[in-house]
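Below: one structure, written as C-alpha cells.
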Amino acid sequence: MGVIFTRKGLETTASFEATLINITCNALLLWPISLAHAPPRELLNPALLFLVLAGVFVPCISRVLNFIGYVRLGVPVTQAFYSTHPIFAVAIAVLFLGERPSLWVLLGVLIVAAGLVCLAAVQGAGKITRMNDVLYPLGAAALLGARDVLARFALAWVAAAEMGGAVAASTSAVILWAYALGVRRQPLRLVTPGFRMLVGSGVAWGISYAFMFNAFKAGPIYVVSPVLATIPLYTLGLSLLFLRRLEIITRRIVVGTALVVLGVILISLART
C-alpha cells in the first residue's frame, strides 16, 4: 500500500519532497518501536555503524531514484525492475565473498533478463520512452542489494531488528534535511494536496521496514528473499484496484513482471 499512497502523492509533490516526507515518517515511526524492544544503551552498539553506512544509500538515494521511476515509468514497471535487487546481492557476494553462482542462478538471471526485455517493450501510457529511465529503478535495486548485505551482517549483533531500520531511516532523513536546508536552492514545497498520501506512504513503508528487518534477523535469506521478490505481484494487483486513472496495465507488464519475479525466486532459492 505504501507504493500506492506514494504514486498518488507524487501527482502534486516533487520526487525530492516526497522522499523527504516518506523517510522522515519512517524514522519517527520506527524509533518508538525500537526503544520498546531494546534498552537505550543499545544505541552504543558498534554494529549500528554498518546500518548508518547502509542508511547513506538506502532509503535515502534509492527511494529518490525509485520515486522518479514511478513518475517516468509507472509503478508496475518500476517495481519489477526494482525487484531485481537480489541479483545485485548475489553479484556482491560473488565479487567480495568468493561465492560461485550455480546453474539455477544463471537460469534465474536469464529469466529475469527475458522479463526485463518484455517490460522494456511495453506500449501505451507509462511506456519506456527513454532507456535511460530504467537506470533509476535499477540503480535503486543495486543500492538495495548492497544494503541487504550490510544489514544481514550487522543485525547478528543488534538486539532489536527495528533499530536497524530506525538507524538507516534516520541517517537518510538527516542527510536529506541537511541537503534541503543547506545545499538545495529550491524552496521546499512539503504541504501539497498529496501530503497526507505521502504521510500514509511513510507509515506503511515504516511498518514494512520493521517486518523486513525482523525477517532478516530471524530467518535465513533463502526464505526471506523469495517472499520479498513477490512484492511486484502485490503492486500489480493493487495498481489495478487503485491506480486505474494513473496506470495502464498491459499484458506485457503482467508477463514481464511474472518472469522477473520467477527469475528472482529461482536465484534466491539457489543461494542455499
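Read-outs throughout are calculated quantities, based only on the coordinates presented, and are distinct from any laboratory measurement. Every value quoted in this text rests on a predicted model; they were computed, and no experiment measured them.
Some notes on this structure:
- Cα-only Debye scattering, the chain: base-10 log of I(q)/I(0) at q = 0.10, 0.13 Å⁻¹: -0.49, -0.85
- Per residue of the chain, the DSSP helices (runs of n ≥ 4 H) give a summed -39500 (n - 2.57) that works out to -24000 deg cm²/dmol at 222 nm.
- Gyration tensor (Cα) of segment 1-65, equivalent ellipsoid semi-axes in angstrom: 28, 15, 8
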